[in-house]
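Working notes for the structure below.
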Amino acid sequence: MFTSLATEWPWLLAVIALVIHCSAMAKWVPIQRFWTVYPFIWVLCGVGAVAIGSSQGFALTDMLVLCSFALVGLTIGLFPTRKLFVMWAHEINRGEQQESYPYPRSHLAFCGVSVIVAVLAAFLLVQ
């Protein structure tokens, strides 16, 4: 379905997904070092995913759609943890670092399921 569209639309989808995800993470993790580097990390990861997918025989548009849906799924999956992220970021900004940050298993399961569902939806849409 998405592969029959013009090439510009998957690129636009990827850019919009990246902007939404990075904006959400910048709001949820208010540490300047984090949100200035985070978008560049995702761009490099996306380039790597597209390169690996292209070497495996997948089309560029298929990989862009897959990466976009995975980012949207990750954003949805991290939504329940946003308050913990803000609390931990404020502690780090004050200089109070814990040995470990307890991440609830239910949040981890929700994040994993949302990413898997989004990737499966992308896979069905590019067929």
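The values are calculated or read from the model by the stated rules, or taken from the named source; none is laboratory data. Because the structure is predicted, anything quoted here is derived from the model rather than measured. Heads up, the Cβs are rebuilt from the backbone with ideal geometry, glycines too, and the neighbour counts pull from every protein chain shown. Ligands, DNA and RNA are excluded from the accessible area calculation, which covers all protein heavy atoms including side chains. Shrake-Rupley method; radii C 1.70, N 1.55, O 1.52, S 1.80 Å.
Assorted remarks:
- Residues C111, C45, ordered by accessible area of protein heavy atoms at a 1.4 angstrom probe radius and largest first, appear as C45, C111.
- Taking the alpha carbon gyration tensor of the chain, multiplying each eigenvalue by 5 and rooting it gives semi-axes of 31, 16, 12 Å, largest first.
- For the chain, built as a Gaussian network whose Cα springs stay under 10 Å, the top-fluctuating residue of L13, L66, L78: L13
- Between segment 89-127 and segment 9-37, the alpha-carbon centres lie 15 Å apart.
- Calculated FRET value between A6 and L125, using beta carbons and R₀ = 22 Å, to 0.05: 0.90
- With the helix formula -39500 (n - 2.57) applied to DSSP H stretches of n ≥ 4, the chain reaches a computed 222 nm mean residue ellipticity of -27000 deg cm²/dmol.
- Dipole of the chain computed with +1 at Lys/Arg Cβ and -1 at Asp/Glu Cβ about the Cα centre; of L60, L84, V126, farthest Cα towards the positive end is L84.
- Ligands, DNA and RNA are left out, and with a 1.4 angstrom probe the accessible area of the chain is 64 Å² per residue.
- Peptides 89-100, 17-28 ranked from most to least packed give 17-28, 89-100, packing being the mean of other C-beta atoms within 10 angstrom over each peptide's residues.
- Of the solvent-accessible surface of the chain, computed with a 1.4 Å probe over protein heavy atoms with every protein chain present, carbon and sulfur atoms account for 73 percent.
- Calculated SAXS-style log₁₀ I(q)/I(0) at q = 0.13, 0.19, 0.27 Å⁻¹ - segment 59-127, Debye, Cα scatterers: -0.49, -0.76, -1.07
- Helix 8-28 axis, angle to the chain major axis (alpha carbon atoms, nearest 10°): 10
- Charge dipole (debye, nearest 20) of segment 2-102; +1 at Cβ of Lys and Arg, -1 at Cβ of Asp and Glu: 240
- Short-range pairs are left out: with C-alpha atoms under 8 Å and at least six residues apart, the relative contact order of the chain is 36 percent.
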